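The values are calculated or read from the model by the stated rules, or taken from the named source; none is laboratory data. Being a predicted model, the structure only gives us computed values, none of them experimental. Note that we place each Cβ from the backbone using ideal geometry, even for glycine, and neighbour counts take in every protein chain shown.
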Amino acid sequence: MVKKMNKIFDFIRQVYSGKTIARILFNWQVENNCKELKGVFVDLASGGKPSYQRYWKLNCDKFISSGYNTANKTDLIIDLNKKIPIIDNLADNIFLFNALYILKKPEEALREIFRILKPGGRLFLSSPFIANEMPEPDDYCRFTSQKLKEMLNTAGFAGVKIIPYGERFSATAYLLHNFFFFNTLRFFVFSAALLLDKIIPPRMKDNHPAPIGYFIIARK
């Protein structure tokens, strides 16, 4: 009961801080899957101190953040379209959130990530599926779960777990986010969308998914 109430309060807090429903659902995936992690961490394309960092629980020996320009205030400036300037087998855990779609050659970036992970290390990845174009500075494609798995396997990863988050109704609410001018209206729309997502038949979700995005865990 306490956990459920905390989730409700967190939902309200995020809505009234202006978060989209996509960001809320993504933050919850981080909370569910990035806890009790240890070792050396690399957060690629973090852009400074993003909101998801309050949702993970890390026991860090070393933490490296990176971005693609100096405005991000990160430890490293990294262009993920090029060779990543990090030594082989360094990281126990790597995060690449909502950035794969902006890369010209995502397969090469995944191979680079595989290189800098320690054997047994894990990649935590997220990628949007139903979303407007978001040039940051580029936007090339949306990946299906099948393509994500294929790219990760080709890069050498094993034990790939793909978790869809959101569905048709929450995806619609996300696409229409800017039309909901008041946070109170967003609260009711987002709440209704999440409830309506639950009534979508499981067979439709499994065979013809329409999530906002995918959260992926892959092991080297």
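Limited to segment 57-98, what total is found for residues that are assigned to a loop (DSSP other than H, G, I, E, B) and under 25 Å from P128 (Cα atoms)?
The initial filter retains those residues of segment 57-98 that are assigned to a loop (DSSP other than H, G, I, E, B), namely 68-69, 73-75, 78-90, 98.
Cutting the leftovers down to under 25 Å from P128 (Cα atoms) gives us 68-69, 73-74, 78-84, 98.
Result for segment 57-98: 12.
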message: So, in segment 93-111, how many residues would count as being surrounded by 19 or more Cβ atoms within 10 Å (Cβ to Cβ) and not aromatic (F, W, Y)?
response: 11
Given (1) buried (at least 21 other Cβ atoms within 10 Å of the Cβ); (2) over 16 Å from the mean Cα position of the chain (by Cα), number of the condition L90 does not satisfy: (1)
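Considering only segment 1-53, how many residues are outside any loop (DSSP other than H, G, I, E, B) and closer than 25 Å to I94 by Cβ?
So the count comes out to 25.
Hey, does segment 170-179 have a residue that's more than 23 Å from the chain's Cα centre (by Cα) and free of Cβ contacts under 8 Å to residues at least 40 places away in the same chain? Spell out how you get there, then give the answer.
First, the residues of segment 170-179 that are more than 23 Å from the chain's Cα centre (by Cα): 179.
Going one step further and asking which of them are free of Cβ contacts under 8 Å to residues at least 40 places away in the same chain, we end up with 179.
Yes, segment 170-179 contains a residue that is more than 23 Å from the chain's Cα centre (by Cα) and free of Cβ contacts under 8 Å to residues at least 40 places away in the same chain.
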- prompt: So which of L117, L123 is surrounded by 12 or more Cβ atoms within 10 Å (Cβ to Cβ), out of contact with any helix residue (DSSP H, G or I) (no Cβ under 7 Å at 6 or more places or on another chain), aliphatic (A, V, I, L, M) and in contact (Cβ under 8 Å) with a residue 24 or more places away in the chain?
  reply: L117
Top-ranked residue in segment 149-169 [being out of contact with any strand residue (DSSP E or B) (no Cβ under 6 Å at 6 or more places or on another chain) and either part of a helix (DSSP H, G or I) or without any contact (Cβ under 8 Å) to a residue 60 or more places away in the chain (or both); ranked as surrounded by the most Cβ atoms within 10 Å (Cβ to Cβ)]: E167
- prompt: Under the condition of being among the polar types (S, T, N, Q) and surrounded by 14 or more Cβ atoms within 10 Å (Cβ to Cβ), which residue from segment 29-60 is nearest to I116 (Cα to Cα)?
  reply: S46
- prompt: Since M134 meets every condition but one in (1) in a helix (DSSP H, G or I); (2) under 16 Å from the mean Cα position of the chain (by Cα), which condition does it not meet?
  reply: (1)
- request: Return the pairs, sorted by first residue and then second, in which the second residue is aromatic (F, W, Y) and assigned to a strand (DSSP E or B), the first residue lies in segment 68-85 and is over 21 Å from Y101 (Cβ atoms) and at pLDDT 85 or above, the beta carbons are less than 9 Å apart, and the residues are 6+ apart or on different chains.
  value: D75/F63
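On the given criteria, is L194 under 16 Å from the mean Cα position of the chain (by Cα), at pLDDT 95 or above, surrounded by 17 or more Cβ atoms within 10 Å (Cβ to Cβ) and of a type in the set (A, V, I, L, M)?
Working: under 16 Å from the mean Cα position of the chain (by Cα): no; at pLDDT 95 or above: yes; surrounded by 17 or more Cβ atoms within 10 Å (Cβ to Cβ): yes; of a type in the set (A, V, I, L, M): yes.
Taking the combined requirement at face value, the residue does not satisfy it.
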query: Out of all the residues in segment 47-87, which are touching a helix residue (DSSP H, G or I) at 6+ places or on another chain (Cβ under 7 Å) and closer than 27 Å to Q14 by Cα?
result: G47, G48, S51, Y52, Y55, W56
- prompt: surrounded by fewer than 18 Cβ atoms within 10 Å (Cβ to Cβ), out of contact with any Gly (no Cβ under 8 Å at 6 or more places or on another chain) and among the acidic types (D, E), is that true of D10?
  reply: yes
